[in-house]
Amino acid sequence: MEALKVGFIGLGNMGAPMAANLARAGCHVTGFDTANTSAEGVQMAAQATDVAQDADVVLTMLPNGSILRQVAETVLPGMTSGALLLDCSTVDVESARNVASQAETSGIQFVDAPVSGGIGGAAAGTLTFMAGGTDAGFSKAKPLFDIMGQKAVHCGEAGAGQAAKICNNMILGATMIATCEAFALADKLGLDRQKMFDVVSTSSGYSWTMNAYCPAPGIGPQSPADNEYKPGFASELMVKDLGLSQEAAVSVDADTPMGALALALYKQFVEDEDGLGKDFSAMLPRFSARSRPL
Ligand code: NAD
């Protein structure tokens, strides 16, 4: 069988290891990045249109929705009819739907498939993809999901992948804050952290943030807390995702007070405190150092 031709646009922290995994699995991968990055096994090109021209799949892994829209406008006209534009970035639902309709007009399939799993998952090929698009688009993307990840869920039509991603991360942000403030309260009540973990991780307060990614150093499985809160998942990326969920909530008139408060707290942590560059579980030392607001 002829090797799948993949044009990969955006080879940053996530994109570079994902592209390298595709090349390692036998895909013919060409890449383009405005910062002249590179990835193992990937032939880099001078322009986005060069990698899009003959590609069966153009995969984008970009910072945000407005850059995705610009890149889509540039590459869609030169893509082969019936090819697939597969966006794995985390962007606003509106941009995903906008690019889907641009693609449809150009006779190109589009799937939005943001990922969960971070840089570690990208390198190990164990990402989870949450995908939005047609059945045909999802089927075309599936072999790539199988190489780069361990699971892909077809969530619905275009935009559904982004919707799933921001809803998940809104729960994650709010839950991490709840877990951290509870640990800080337990400390002040004189409750041993290990006992707190033993009880909560097997009681109704359990969650992924407590059981799998415990924000208290030395407790539970290894997590960024055991590595001086080096990310992991940086607090500024949580600000981005919580911002996207609030944008989406405004656009459909959904009441999301916990998500709004989680965004405000992470913004404050990143912009006014020392949260920038720290894992999002570093909310625990932040709460530990504070008193009740007056
Ligand atoms: P990054 O900033 O490391 O990579 C983005 C890359 O896109 C950069 O190399 C940049 O030079 C390139 N780029 C920007 N504009 C471009 C353009 N017009 N044409 C071509 N290349 C361009 O970011 P990242 O951490 O790799 O994240 C990529 C996406 O994945 C983001 O949407 C992010 O929210 C999402 N994501 C990241 C993580 C994570 O842990 N880093 C986890 C899940 C999802």
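The values are calculated or read from the model by the stated rules, or taken from the named source; none is laboratory data. Note that the coordinates shown come from a computational prediction; the quantities given were computed from them, not determined experimentally. Cβ placement follows ideal geometry from the backbone for every residue including glycine, while neighbour counts extend to all protein chains displayed. Surface areas here come from the heavy atoms of the whole protein model, side chains and all, with no ligands, DNA or RNA. Shrake-Rupley method; radii C 1.70, N 1.55, O 1.52, S 1.80 Å.
Cβ contacts < 7 Å: first residue touching a residue at least 24 places away in the same chain (Cβ under 8 Å) and of a type outside the set (K, R), restricted to the range 182-195; second residue open to solvent by 60 Å² or more (accessible area, probe 1.4 Å) and assigned to a helix (DSSP H, G or I), any location; separation 6+ or different chain. Result?
F183/R193
Can you tell me which residue in the range 270-284 is nearest to the chain's Cα centre (by Cα), limited to those that are buried (at least 20 other Cβ atoms within 10 Å of the Cβ) and more than 11 Å from A234 (Cβ to Cβ)? Full working, then the answer.
Going residue by residue through the range 270-284, those that are buried (at least 20 other Cβ atoms within 10 Å of the Cβ) are 270, 275, 278-284.
Imposing the further condition that a residue be more than 11 Å from A234 (Cβ to Cβ) reduces the set to 283-284.
Numbers: M283: 20, L284: 22 Å.
Going through the qualifying residues, I end up with M283.
In the range 231-253, is there at least one residue being within 13 Å of the ligand (Cβ to nearest atom), open to solvent by less than 40 Å² (accessible area, probe 1.4 Å), within 30 Å of G190 (Cβ to Cβ) and touching an Asp or Glu at 6+ places or on another chain (Cβ under 9 Å)?
yes
Conditions first: (1) within 13 Å of the ligand (Cβ to nearest atom); (2) open to solvent by 60 Å² or more (accessible area, probe 1.4 Å). S81 passes all but one, so which condition is the exception?
Unmet condition: (1).
Taking the criterion of being open to solvent by 20 Å² or more (accessible area, probe 1.4 Å), under 23 Å from D241 (Cβ atoms), out of contact with any Ser or Thr (no Cβ under 9 Å at 6 or more places or on another chain) and not aromatic (F, W, Y), would at least one residue in the range 184-203 satisfy it?
No, the conditions are met nowhere in the range 184-203.
For the range 101-130, what are the residues that are more than 13 Å from the ligand (Cβ to nearest atom), in a helix (DSSP H, G or I) and open to solvent by less than 20 Å² (accessible area, probe 1.4 Å)?
If the condition is that a residue be more than 13 Å from the ligand (Cβ to nearest atom), in a helix (DSSP H, G or I) and open to solvent by less than 20 Å² (accessible area, probe 1.4 Å), then A103 is the only one that fits.
Residue under question is D135, and the condition is that it be acidic (D, E), free of Cβ contacts under 8 Å to residues at least 60 places away in the same chain, more than 20 Å from H28 (Cα to Cα) and open to solvent by less than 10 Å² (accessible area, probe 1.4 Å); does it hold? Walk me through how you get there before you give the answer.
Working: acidic (D, E): yes; free of Cβ contacts under 8 Å to residues at least 60 places away in the same chain: yes; more than 20 Å from H28 (Cα to Cα): yes; open to solvent by less than 10 Å² (accessible area, probe 1.4 Å): no.
No; evaluated as a whole, the condition is false for this residue.
Might you let me know whether the range 173-188 holds any residue that is more than 25 Å from the chain's Cα centre (by Cα) and assigned to a loop (DSSP other than H, G, I, E, B)?
No, the conditions are met nowhere in the range 173-188.
Report the residue count in the range 1-34 for those that are assigned to a loop (DSSP other than H, G, I, E, B), among the hydrophobic types (A, V, I, L, M, F, W, C) and either within 13 Å of the ligand (Cβ to nearest atom) or under 18 Å from the mean Cα position of the chain (by Cα) (or both).
So the answer is 2.
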